[in-house]
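Peer 1: Okay, here's the structure, questions in a sec.
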Amino acid sequence: MKSAAVVNYAPVKGSVEIREIERPDIGEEDVLLEVVNIGVCGSDLHQWTADHSWPVNYPVILGHEFGGHIIEIGSRVKGWKEGDRVVSETAAVIDPDSPLTRRGLYNLDPSRKGFGYGVNGAMTKFVKVPARCLHILPDQLPFEQACLAEPCCVAYSAVVENSHLKPGDRVIVIGPGPIGILCAAVAKLCGAEVAIVGLESDRERLSVAAMYGCETIIGNATEWAMQRDGLGADCIIDAAGSSNTLKIALELVRPRGHISKVGWGPQPLQYSLDPLVQKNITLQGSFSHNWPIWERVIALLASGQLNVKPIIGGIWPITDWHDAFEIMHQGKVVKSILKPV
Ligand SMILES: [Zn+2]
């Protein structure tokens with residue numbers, strides 16, 4: 001029995017198409033998931049437009065934000081059963097003996113390979129998942145929201161693990177993409193005063209960000225940054241896909257403030273980092289997430305404290321992947337969601 005899959009087949013712009021693929025065989029430590037929903041990530045779009053900066057194992061099925069039901073269990077898998085409703089982490093392949101993995105930091109293991117670029121992802125009906133990647137879903141959390149646990153984990157990692165916000169902090173998020181908006185939402189949960197900054201072309205996405213109770217700013221955020229005491233914001237979350245925005249972050253942050261950089265782009269910097277030194281700023285990179293972050297984010301989603309409904313722009317069958325990718329690429333929706341056919 002074959003199923004439709006969204007396949008990225010070459011490092012050339014537009015090299016994505018629907019292919020019919022066989023149901024995968026699972027190993028003894030894997031489960032087979034019947035996928036219910038898949039979130040489209042900015043990285044899926046970057047592989048489609050071929051302006052990504054990571055190695056891709058072509059041809060590969062896209063999709064790493066997903067949940068579904070377990071329908072088959074490997075012989076050595078314990079603690080899971082057929083029918084369990086689950087979401088999956090993204091680190092499909094890791095070295096179990098890496099010193100980082102042994103500390104629980106398998107997300108930073110250099111040999112890590114993720115779904116959707118290193119191994120086949122979830123934009124199809126059946127996906128093979130190592131059991132160690134799974135998290136159980138509370139019954140009340142629907143799959144179309146649960147599949148967005150992954151970008152929520154990226155945001156939680158950037159804002160909580162890598163920023164240490166305090167209630168009352170003034171926080172500026174640069175870039176109103178899905179990660180930026182979720183970072184703003186998590187910063188609000190931490191009790192911060194939050195502004196999110198974008199461009200004129202981000203107007204629609206900023207209106208979604210406003211639903212989370214943040215200030216939205218088009219263009220220059222200096223006035224907001226200086227509002228309390230004229231020294232700048234306590235924390236900047238840089239969630240834009242470009243190196244240039246770090247320059248803005250360095251200007252907006254107060255002396256001894258903090259910048260978390262979660263958005264990335266391969267361009268070299270063309271400006272001085274002297275403000276980093278002179279203002280005694282902490283600059284912190286933030287990449288991916290691990291098991292405790294997933295458990296916490298699922299709890300926040302299940303309790304309704306973190307609500308992803310405002311960012312969901314629609315649900316498309318995977319055969320209409322092009323429409324779903326295009327509308328998100330144009331910024332008309334924050335997040336597209338797919339459903340296998
Ligand atoms: Zn993602």
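Peer 1: Checking the conditions here, which among ILE181, ILE172 is within 14 Å of the ligand (Cβ to nearest atom), of a type outside the set (S, T, N, Q) and outside any loop (DSSP other than H, G, I, E, B)?
Peer 2: Details: ILE172 fails: within 14 Å of the ligand (Cβ to nearest atom).
Going through ILE181, ILE172 in turn, just one is within 14 Å of the ligand (Cβ to nearest atom), of a type outside the set (S, T, N, Q) and outside any loop (DSSP other than H, G, I, E, B): ILE181.
Peer 1: Counting just the residues of the stretch 106-128 that are among the hydrophobic types (A, V, I, L, M, F, W, C) and more than 16 Å from the ligand (Cβ to nearest atom), which one comes out most open to solvent (accessible area, probe 1.4 Å)? Lay out the reasoning, then the answer.
Peer 2: Of the residues in the stretch 106-128, the ones among the hydrophobic types (A, V, I, L, M, F, W, C) are 108, 115, 119, 122-123, 126-127.
So of that shortlist, the ones also more than 16 Å from the ligand (Cβ to nearest atom) come out as 108, 126.
Working: LEU108: 81, PHE126: 15 Å².
Filtering first and then ranking leaves LEU108.
Peer 1: Checking ILE174 against (1) in contact with a helix residue (DSSP H, G or I) (Cβ under 8 Å, 6 or more places away or on another chain); (2) surrounded by 24 or more Cβ atoms within 10 Å (Cβ to Cβ); (3) more than 21 Å from THR245 (Cβ to Cβ), only one condition comes out false. Which one?
Peer 2: Answer for ILE174: the failing condition is (3).
Quick grid of which residues meet (1) open to solvent by less than 20 Å² (accessible area, probe 1.4 Å); (2) more than 17 Å from HIS329 (Cα to Cα); (3) more than 16 Å from the ligand (Cβ to nearest atom):
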position	(1), (2), (3)
VAL6	yes, no, no
LYS13	no, no, yes
GLY27	no, yes, yes
LEU32	yes, yes, yes
TYR58	no, yes, yes
SER88	yes, yes, no
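Peer 1: Determine if the stretch 153-166 includes at least one residue that is in contact (Cβ under 8 Å) with a residue 24 or more places away in the chain, under 30 Å from PRO24 (Cα atoms), among the β-branched types (Val, Ile, Thr) and open to solvent by less than 20 Å² (accessible area, probe 1.4 Å). Don't jump to the end; show me each part of the working.
Peer 2: Step one: list which residues in the stretch 153-166 are in contact (Cβ under 8 Å) with a residue 24 or more places away in the chain, which gives 153-166.
Next cut, under 30 Å from PRO24 (Cα atoms) only: 153-154.
With among the β-branched types (Val, Ile, Thr) added as a condition, the list becomes 154.
Those left that are additionally open to solvent by less than 20 Å² (accessible area, probe 1.4 Å): none.
The answer is no, given that none of the residues of the stretch 153-166 is in contact (Cβ under 8 Å) with a residue 24 or more places away in the chain, under 30 Å from PRO24 (Cα atoms), among the β-branched types (Val, Ile, Thr) and open to solvent by less than 20 Å² (accessible area, probe 1.4 Å).
Peer 1: Please work out which one of (1) without any contact (Cβ under 8 Å) to a residue 60 or more places away in the chain; (2) farther than 21 Å from VAL16 by Cα; (3) over 15 Å from the mean Cα position of the chain (by Cα) is the condition PRO292 fails and give its number.
Peer 2: Here PRO292 clears every test but (1).
Peer 1: Among the listed residues HIS258, HIS289, which satisfies the condition of being open to solvent by less than 50 Å² (accessible area, probe 1.4 Å) and within 17 Å of ALA149 (Cα to Cα)?
Peer 2: Working: HIS258 fails: within 17 Å of ALA149 (Cα to Cα).
On inspection, the qualifying residue turns out to be HIS289.
Peer 1: Give the residue, chosen from GLU82, GLU72, that is touching a His at 6+ places or on another chain (Cβ under 9 Å), more than 21 Å from LEU45 (Cα to Cα) and open to solvent by 50 Å² or more (accessible area, probe 1.4 Å). Write out each step before concluding.
Peer 2: Details: GLU72 fails: touching a His at 6+ places or on another chain (Cβ under 9 Å).
Criteria check complete, one pass: GLU82.
Peer 1: Taking ALA192 as meeting all but one of (1) in contact with a strand residue (DSSP E or B) (Cβ under 8 Å, 6 or more places away or on another chain); (2) within 16 Å of the ligand (Cβ to nearest atom); (3) farther than 23 Å from LEU273 by Cα, write down the number of the exception.
Peer 2: (2)
Peer 1: Also, quick follow-up: Return a yes/no flag: does the stretch 61-81 have any residue that is within 16 Å of the ligand (Cβ to nearest atom), assigned to a loop (DSSP other than H, G, I, E, B), closer than 19 Å to ILE21 by Cβ and touching a Leu at 6+ places or on another chain (Cβ under 9 Å).
Peer 2: The answer is yes; a qualifying residue exists.
Peer 1: Also, quick follow-up: Residues that are away from the ligand (no atom under 16 Å from the Cβ), within 15 Å of GLY257 (Cα to Cα) and open to solvent by less than 10 Å² (accessible area, probe 1.4 Å): does the stretch 199-219 have at least one?
Peer 2: For the stretch 199-219, residues away from the ligand (no atom under 16 Å from the Cβ), within 15 Å of GLY257 (Cα to Cα) and open to solvent by less than 10 Å² (accessible area, probe 1.4 Å): absent.
Peer 1: Say whether the condition of being assigned to a helix (DSSP H, G or I), at pLDDT 95 or above and open to solvent by less than 50 Å² (accessible area, probe 1.4 Å) is met by at least one residue in the stretch 94-105.
Peer 2: So the first thing to find is which residues in the stretch 94-105 are assigned to a helix (DSSP H, G or I), and the list is 99-102.
From what's left, at pLDDT 95 or above: 99-102.
Those still in the list that are open to solvent by less than 50 Å² (accessible area, probe 1.4 Å) too: 101.
Yes: one or more hits.
Peer 1: Given the criteria without any contact (Cβ under 8 Å) to a residue 24 or more places away in the chain, more than 16 Å from the ligand (Cβ to nearest atom) and not small (Gly, Ala, Ser), does GLU20 qualify?
Peer 2: Numbers: without any contact (Cβ under 8 Å) to a residue 24 or more places away in the chain: yes; more than 16 Å from the ligand (Cβ to nearest atom): yes; not small (Gly, Ala, Ser): yes.
Against the criterion (without any contact (Cβ under 8 Å) to a residue 24 or more places away in the chain, more than 16 Å from the ligand (Cβ to nearest atom) and not small (Gly, Ala, Ser)), GLU20 qualifies.
Peer 1: Could you tell me whether any residue of the stretch 177-184 is more than 19 Å from the chain's Cα centre (by Cα) and closer than 20 Å to SER260 by Cβ?
Peer 2: Filtering the stretch 177-184 down to residues more than 19 Å from the chain's Cα centre (by Cα) leaves none.
No - not one qualifying residue is present in the stretch 177-184.
Peer 1: If you take the residues in the stretch 34-53 that are of a type in the set (A, V, I, L, M) and part of a loop (DSSP other than H, G, I, E, B), which one is surrounded by the fewest Cβ atoms within 10 Å (Cβ to Cβ)?
Peer 2: Of the residues in the stretch 34-53, the ones of a type in the set (A, V, I, L, M) are 35-36, 38, 40, 45, 50.
This time we only want the ones that are part of a loop (DSSP other than H, G, I, E, B), so: 40, 50.
Details: VAL40: 28, ALA50: 15.
Here the answer is ALA50.
The values are calculated or read from the model by the stated rules, or taken from the named source; none is laboratory data. Quantities reported herein were computed from a predicted structural model and do not represent experimental measurements. FYI the Cβ positions are ideal-geometry reconstructions off the backbone, even for glycines, and counts take in every protein chain you see. In case anyone asks, the SASA skips ligands and DNA or RNA and just uses the protein heavy atoms, side chains included. Shrake-Rupley method; radii C 1.70, N 1.55, O 1.52, S 1.80 Å.
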